[in-house]
Each structure stands twice: as structure tokens, then as C-alpha cells.
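A.B. asks: The structure under discussion is supplied below as C-alpha cells; questions concerning it will follow.
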Amino acid sequence: CWMAENLRTTQFRNGDALYHLNAFPAPDVSTAWWTTYMLTYSASMFGCMYNSTAVDDNRGLCPVNWHVANLEEWSYLIQNYEFADLIETTGWSLPNGGLANGTNSSGFSAKPGGVFDGQIGDLSGMAGVGWATYFHRGDGSVVLANNFIFEFGPWLSDDGFYVRCVKD
């Protein structure tokens, strides 16, 4: 069972606060942080973005009895649903300006939220909002949803990505 939306927490499962990245540049990679800084849209719309240090921390980002989605869970989702079945019915567009909204028949509700680049800031207009979204995977890489294609790739430790949790 997947969470119906991106994670929005500002603390670890045990109550310890995550560093709030609200000024640029991002702190060193050993600091676990969350952000909505410089993003075109708010956390209430897309959730928060987290760096890999936050995702990999043993204190856990997801609530009790939940975990960050791993490769196996992402692979199952992608192999069993069409891209359009996983994305919101509004807000998506192609880089060339065409529309690419989905049916969201799965209820997964992927939103086109982009990525936070720890070196230059918000990439939502260039690499995301409208046509892509990036999610952390439990093994330290990311899933890119873009133009009706899902791809798996490496992450940079100072970048911020969305998180989806799965029930244990």
C-alpha cells in the first residue's frame, strides 16, 4: 500500500527535527535536510523535497510502519501500470508545450514537481514542474517520471527529491 501523496514531514520518526533548507547554498552533504526553498509550488501542493542523507538516516523519514519505497516496489508499480495511470489528471505538460495529463486510475497521484538542485537551486521550471517529477528510492537512487517514461538513475547527495512511503 503506497501513500497517496508525497511526504511532507519536517522531522524524523523519533521526533528529531530535520534541518530546514531555506537559504542557499545547501549545507554539506552530512546534514539531513528538507526544503521547499525556491520551489515554484508549496509543500501543500507537492510535498517536501529531501536530500539523500535524510532518506538514508536510520531514524526514518516515513511514519511508523512505513518505509521509503525501494527498487522492488518501484519496479512492480512501473511494470503493472501505464504511466498515465500513475499521474495526476491535471498539471502535466510536455517540454514542447503539449499536454500530457494522465488518468490517475491507480490512485498514485504523481504530480509534476521537479527537483531541487543543491548547487543552483530550483529546477522546477526547467526539469520538472509540468513534465517530470523525481522520487528517492530506498537504495539511494531516484526514479524520474518524465514524458510517459520512468527511469532509474543515480542521485547527487546535495539534490532534493520527493519521497513516497510504502506500508510495511
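Computed from the coordinates by the stated procedures, all read-outs in this text should not be read as laboratory data. Every value quoted in this text rests on a predicted model; they were computed, and no experiment measured them. In this analysis, Cβ positions are derived from the backbone assuming ideal geometry, glycine residues included, and neighbour counts consider all displayed protein chains.
A.B. asks: Once you place label points 7 Å from the Cα toward the Cβ at Leu71 and Arg59, how far apart are they in nm?
C.D. replies: With each label placed 7 Å out from Cα toward Cβ, I get 2.8 nm.
A.B. asks: For the pair Tyr19/Thr90, report the inter-label distance in nm, with labels modelled 7 Å from Cα in the Cβ direction.
C.D. replies: In this crude label model, Tyr19 to Thr90 measures out at 3.8 nm.
A.B. asks: Continuing with this model, one more query. So if we plug the beta-carbon distance of Lys167 and Ser44 into 1/(1 + (r/R0)^6) with R0 = 22 Å, what FRET efficiency do we get, rounded to 0.05?
C.D. replies: That gives a FRET efficiency of 0.45.
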